[in-house]
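A.B. asks: Before we start, here is the structure in question, set down as structure tokens.
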Amino acid sequence: MKTFSIHLKGKPPVQVQAESLSVREALERFEVGGLDRVVAAKVNGEQRDLSAEIAEEEAEIKPVYIQSEEGLHILRHSTSHVMAMAVKELFPGVKVTIGPAIENAFYYDFDYERPFREDDLPAIEEKMKEIVNADLPFSRKEITSQEAIRFFRDQGEDYKVELIQDLGADRVSLYTQGGFTDLCRGPHIPSTGMIPAFHLTHVAGAYWRGDEKRPMLSRIYGTAFADQKSLKKYLYRLEEAKKRNHVKLGPRLELFSTHEEIGAGMIVWHPKGAMLRHILEEFEIREHLHRGYELVKGPEILKTELWKKSGHFENYRENMYFTEIDKQSYGIKPMNCLAHMLIYASKLRSYRDLPKRYFELGTVHRHERSGVLNGLFRVREFTQDDAHIICTPDQLNGEIKGVLNFVQEVMGIFAFPYDLEISTRPEKSIGSDADWELATQALVQAMEDEGLAYEINEGDGAFYGPKIDVKLNDALGRKWQCATIQCDFTLPEKFDLTYIGKDGDRHRPVMVHRVILGAIERFIGILIEHYAGAFPTWLAPVQAVVLTVTDRNITHAREVYQALLDADIRVEADFRNEKLGFKIREAQLSKVPYMLIIGDRECDNNGVTPRQRNGQNLSLMNAGGFIDLIRQEIQQRR
RNA sequence: GCCAGCGUAGCUCAGACGGCAGAGCAACUGAUUUGUAAUCAGUGGGUCGGGGGUUCGAUUCCCUUCGCUGGCUCCA
């Protein structure tokens, strides 16, 4: 007989005398509500199955409810096991590999004689429903790795055998529901009947362990929720997000197009899209000049020799395009730094000149693999708002903080949610360990000084230095890298950049590569989805459209149109012989912020009636009044 | 690059065992002069992504190529 002392937050502790005590039994002592919605529990901070025995005499216990984040994770993981079981029953000979829960979803990778197709999913879902209805309990068993390897080898589950071997543990845990046993750390929901709502969403190919040299597996994605309503809501949200997809919206709003005959990953900007770019670029130039940057411009193609000198040829060649001119090899630039290096090196620099901040809206070409191209998000030609800051080592911290502030201010204008990550040295890289350490520390220190939260991304740095990445969250919950701040101790050395210090000697400056919006293309893609195409007035390629009611109104309408043009408002005219409702509909679909209605009433009063994009009318006012109003809005970047 | 799916009029989509390719919207022409999300009528519009093959005959079947979409370790 043992004595267990169990604690649960907010309740008086309970002493239990028993031979053994399961997590579920412990929870029952506290009469916690909704035990049927509890999927697992945390015992002394560690996730456990409800059926697990409590080994500790003193235990702090906390139920994990199905609708909580952790609960959903466990639910989805368990649902992936149910899916694997269903697939094994339906497709004999299939081999199972791994099947984790991921954000909002789960997947399981299979190796089968043919890849799974979307039309296999309904049958799998049906079989899963049977398994759920059968309410099979999940049971956990720990055995030695040897036994587990034998167990899976006998079933021909080679992938599982490999996993266990790589784990290198003495013992592993297995989970069984019905006739299906899987290697798994757990925990799991008590039984399959506890799955309230699930749906299989799509299939995809995936390399075994993400390695393209290893077999291509067939992945099935699905999701599960604590109730049917949440699942429906999630699927609806996905549908809504699809409607914002910039690949569809962009061409419909006449922003850009792509062409098979031009090539993959190349964007053609139409008048409205080119205007949007221009607005952003103008905004950027102003903001940069304001912060002590200088505008520069380098050529598109530079001799291959120079790319060899910089290390790009060695490290980045497979992403570069090359061409030949007069038997000389040239590389089309994938980055803008080289010309900036030469600008710096073009004359002797004093410490008094530093920092130098060179800014270029630089168009670069990168040979991205065909399969990763994606609308405006991933293209082969794009323009970066690129700058290189060359400074003394003791200016570095301040410069990085300056860029972090710049990023914060700009993201604030667009009201974007974002996360910060620090990426460290990758396998393929140049430079000494000491320099990497120094550079990484400089980034960490600046983040700490600014009190910013960040994650560490091991091995994800650029080949020449560590970096801070700013990842925006888009409408579909995907993350996109935009701003990035990269330290570089190697380029100044390769180009022998120097400055004369106070002491009269030559010193080596350090360099920061950084972008704020990142690629203009990608940023516009994110903006389209963020605003669902309805850009705020300051960004809208067309800010107002003048609509006449009848031909009688054209003379006055033309005066209004001209007044707006004169005031630098981006205005269009729709004087067609159509009904007002028809013109409003078209303007509405093109998401213009303002429609200026001009009928007899407006002509008689020498004014306009603005109709806002949200359907609200403002009262009749004269053209000057409207110009004041919209100018104020533009100035406030609304 | 690899796996899967997709590609029919400017757009959204039908279609057929392998037997002359369809609708709505848009465009164009005309009528209409219109007050807050589609006025009416008529007309034109397609190498069914490109190339090759099988066939009497291919948009449909096969191969190939281009393009697009979803994915390609958020570690049992």
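Here, each number is a calculation from the coordinates, and none is a lab measurement. Only a predicted model underlies this, so the values are computations on that prediction, with no experimental measurement involved. All Cβ positions, glycine included, derive from the backbone under ideal geometry; neighbour counts span all protein chains shown.
A.B. asks: Can you pull out the trypsin sites (Lys or Arg not before Pro) in the stretch A:280-340 whose DSSP state is coil and whose Cβ has at most 13 other Cβ atoms within 10 Å?
C.D. replies: Answer by residue number: A:Lys297, A:Lys327.
A.B. asks: Using a cut-off of 16 Å between alpha-carbon atoms, which lysines can reach A:Lys467, once sequence neighbours fewer than 8 places away in the same chain are excluded?
C.D. replies: Excluding near neighbours in sequence, the set is A:Lys401, A:Lys428.
A.B. asks: Number of Lys pairs in the stretch A:70-244 with C-alpha atoms less than 23 angstrom apart, excluding same-chain neighbours closer than eight positions?
C.D. replies: 22
A.B. asks: For chain A, what does the helix formula give at 222 nm: sum of -39500 (n - 2.57) over DSSP H segments with n ≥ 4, over the residue count, nearest 500 deg cm²/dmol?
C.D. replies: Per the formula, -10500 deg cm²/dmol.
A.B. asks: Turning to a different aspect of this structure: Any idea which of A:Tyr464, A:Pro393, A:Val296 is furthest toward the positive side of the dipole for chain A, if Lys and Arg beta-carbons carry +1 and Asp and Glu beta-carbons -1?
C.D. replies: The one lying farthest along the dipole's positive direction is A:Val296.
A.B. asks: Is the shape of the stretch A:472-574 rounded, prolate or oblate, going by the alpha carbon gyration tensor and its root eigenvalues a ≥ b ≥ c, with a/c under 1.5 for rounded and a/b larger than b/c for prolate?
C.D. replies: Oblate, since a/c reaches 1.5 and b/c is not below a/b.
A.B. asks: Could you list the GluC sites (Glu not before Pro) in the stretch A:1-96 that lie in coil according to DSSP, counting only those with at most 16 other Cβ atoms within 10 Å of their Cβ?
C.D. replies: A:Glu19, A:Glu31, A:Glu56, A:Glu57
A.B. asks: Considering the options A:Ala224, A:Tyr234, A:Phe116, tell which one lies farthest towards the positive end of the dipole of chain A, charges being +1 on Lys and Arg and -1 on Asp and Glu at the Cβ, about the Cα centre.
C.D. replies: Final value for the positive-end residue is A:Tyr234.
A.B. asks: What lysines sit close enough to A:Lys11 to cross-link, taking a C-alpha to C-alpha distance under 30 Å and skipping anything fewer than 8 places away on the same chain?
C.D. replies: Excluding near neighbours in sequence, the set is A:Lys2, A:Lys42, A:Lys62.
A.B. asks: Something else now. Can you give me the orientation-averaged projected area of the convex hull built on the Cα atoms of the stretch A:379-438, in nm²? Numbers along the way, then the final one.
C.D. replies: Values: hull surface 25.7 nm².
Averaging across all directions leaves 6.4 nm² for the Cα convex hull.
A.B. asks: Can you give the FRET efficiency for A:Arg601 and A:Lys347, using 1/(1 + (r/R0)^6), R0 = 60 Å, r = Cβ-Cβ distance, to the nearest 0.05?
C.D. replies: The formula returns an efficiency of 0.35 here.
A.B. asks: If you split all Cα-Cα distances of the stretch A:192-310 into 5 Å bins from zero, what percentages do you get per bin, shortest first?
C.D. replies: Percent of pairs per bin, in order: 2, 8, 8, 8, 10, 12, 14, 12, 10, 8, 4, 2, 1, 0.
A.B. asks: Once the Cα atoms of chain A are picked out, what are the Rg and Dmax in Å?
C.D. replies: My reading of the Cα-based Rg and Dmax gives 30.9, 99 Å.
A.B. asks: Need the list of aspartates and glutamates near A:Lys471 for cross-linking: C-alpha distance under 13 angstrom, and skip anything on the same chain fewer than eight residues off.
C.D. replies: A:Asp419, A:Glu421, A:Glu455
A.B. asks: Tell me, Kirkwood radius of the stretch A:542-638 from alpha-carbon pair distances, in Å?
C.D. replies: On the way: mean 1/r = 0.0765 Å⁻¹.
For the stretch A:542-638, the Kirkwood estimate is 13.1 Å.
A.B. asks: What does the convex hull of the alpha-carbon atoms of the stretch A:47-158 project to on average, in nm²? Don't jump to the answer; show the numbers that get you there.
C.D. replies: Details: hull surface 36.3 nm².
Mean shadow area of the hull around the Cα atoms is 9.1 nm².
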